[in-house]
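Notes follow once the structure below has been shown.
The values are calculated or read from the model by the stated rules, or taken from the named source; none is laboratory data. Model, not experiment: these values are computed from the prediction. No Cβ is skipped: glycine too gets one built from the backbone with ideal geometry, and neighbour counts run over all protein chains shown. Side chains are part of the model used for accessible areas, which takes the heavy atoms of the whole protein and leaves out ligands, DNA and RNA. Shrake-Rupley method; radii C 1.70, N 1.55, O 1.52, S 1.80 Å.
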Amino acid sequence: MKRVKVADLVPGMVTAEDVLNYSGQMILPKGLVLTDNAITKLDFYSILTVCIDDEASEVTTESAKENSTPIIAPENKLIRPSHYEEVQASPEFQKFRAAFDENIDAFKDSVNNIVTMNTPINTEELLGQSLSLLQYGNSMFSTFDMLHNMRQYDDLTFAHSMNVSLISNVFAGWLGWSAEDRELVTLCGLLHDIGKVKIPDAIIKKPDKLTDEEFAIVKTHPIEGYKILQKQAISPHVMNSALMHHEKCDGSGYPLKITGDKIDRFAKVVTIADIYDAMTSARIYRGPWCPYRVIELYESEGLQKYDAHMIMTFLEGVSNTYLHCNVLLSDGRIGRIVFINKQDLSRPIIQMEDNSIIDLSKQRDLTIKELV
């Protein structure tokens, strides 16, 4: 048996013990053969590490390899570039990527100076770095499209924080927040994970099982972030977002285990953006998840964990972002999203290439696999 970081799990591994959340509720049972859905569920519940059965995992993973069937892309998909290939080829994305790289370096320097030397936070400078990236989203390609194509950074703290800041800004716009509050929640997203800088690399990158003491240290990063920001002349909403971004409205989060009425509204926005970015990030065994697959997981697992109005506004906003996009269905056919089912957002109405219509909310055996 060995303890493995969730980011390093691959399908076929077998759990060696029950996986529980921070409230003691079971997430996955002992002896479960992991799938990509199960692994992403662990991300969703902010689980950091899992005990894996070495011998069972080796056999199951080898069996999966032998019996796997390669997926053959449909011919009509090969004729034209995919949605994300079009994004990557656009001048807007090329400019976005260059600006993102430059801003990440500056952001990393700023954060390290704040943490190590208690340098006063220059909010104007930090916001300038983040807000400047929003100009590259337009009517053709959204900010979400841009971020979805920047996944070579995977889960690095600084790139993740930049992503969360941009998602939080767009999300706050969907909520109808004022320009001032949108800027403030952008700053909240930028600094929500600042406490991770205080966690020793020897613990974060440890390949073996964490001791109880080490695991407890990892879970202190929200409190560490709050302590760092307390020393700064900065909005309480920014401090609270660092402290509360792992809290859930049903009390299942950490470190305070508080319920929805006690969670800062800015932190609620950052939490949803944080989880969305984690689920759409690449893993060693898969590429980034399709937005509609993420929406489906939120609908099945998360509606009680987040502010109801906020989570439904977010999911509807993401759905509308991809209205009229072409999608690959689970049966290999390609169609175009023509209508959003507001009561079942992960299952829109699809117009097929022969002009027939499929309502995924009624045809439950089909799902959207990816945007094409």
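Computed about its Cα centre, the charge dipole of the chain is approximately 340 debye, with only Lys, Arg, Asp and Glu carrying charge at their Cβ.
Computed in the context of the full set of protein chains, the accessible area of the chain at 1.4 Å probe radius has 51% of its extent on carbon or sulfur.
With helices as the sole contributors, the chain gives -14500 deg cm²/dmol at 222 nm; each DSSP H run of n ≥ 4 counts as -39500 (n - 2.57), and the sum is divided by every residue.
Give me the aspartates and glutamates in straight-line cross-link reach of Lys262: C-alpha distance below 18 Å, same-chain residues under 8 apart excluded. Cross-link targets: Glu247, Asp250, Asp307. The residues of the chain have, on average, 45 Å² of accessible surface per residue, using a 1.4 Å probe with all protein chains present. Comparing Thr40, Thr280, Thr123 in a Gaussian network model of the chain, where Cα atoms under 10 Å apart are tied by springs, the biggest mean-square fluctuation is seen for Thr123. Largest GNM mean-square fluctuation among Asp274, Asp344, Asp109, using the chain with Cα springs under 10 Å: Asp109. For Thr157, Thr211, the ranking by accessible surface with the largest value first comes to Thr211, Thr157, using a 1.4 Å probe. Comparing Val327, Val294, Tyr306 along the charge dipole axis of region 293-333, the residue lying farthest to the positive side is Val327, per the Cβ-charge model.
Extent of the chain along its three principal axes (Cα atoms, max minus min coordinate, largest first): 62, 51, 38 Å. Can you tell me which aspartates and glutamates have their Cα less than 20 Å from the Cα of Lys362? Leave out same-chain residues fewer than eight positions away. Once the sequence-local aspartates and glutamates are set aside, what remains near Lys362 is Glu296, Glu299, Glu316, Asp331, Asp344, Glu353, Asp354, Glu370.
Using 31 Å as the Cα-Cα cut-off, could you pick out the over-long pairs in Lys95/Lys219; Lys2/Lys248; Lys227/Lys268; Lys231/Lys257; Lys227/Lys342? From Lys95/Lys219; Lys2/Lys248; Lys227/Lys268; Lys231/Lys257; Lys227/Lys342, over 31 Å: Lys95/Lys219; Lys227/Lys342.
Ranked by solvent-accessible area (1.4 Å probe, protein heavy atoms only, all chains present), the residues His246, His192 order from largest to smallest as His246, His192. Straight-distance candidates among the aspartates and glutamates for linking to Lys30, with alpha-carbon spacing under 15 Å and chain neighbours fewer than 8 residues away dropped: Glu17, Asp18, Asp53, Asp54, Glu55. Charge dipole (Cα centre; +1 on Lys/Arg Cβ, -1 on Asp/Glu Cβ; no other charges) of region 171-259 amounts to roughly 140 debye.
The 3J(HN,Hα) values that the Karplus relation (6.51, -1.76, 1.60; θ = phi - 60°) gives for region 157-173 are, in residue order, 3, 6, 5, 4, 5, 5, 4, 4, 5, 5, 4, 4, 5, 4, 4, 4, x Hz. Gly and Pro appear as x.
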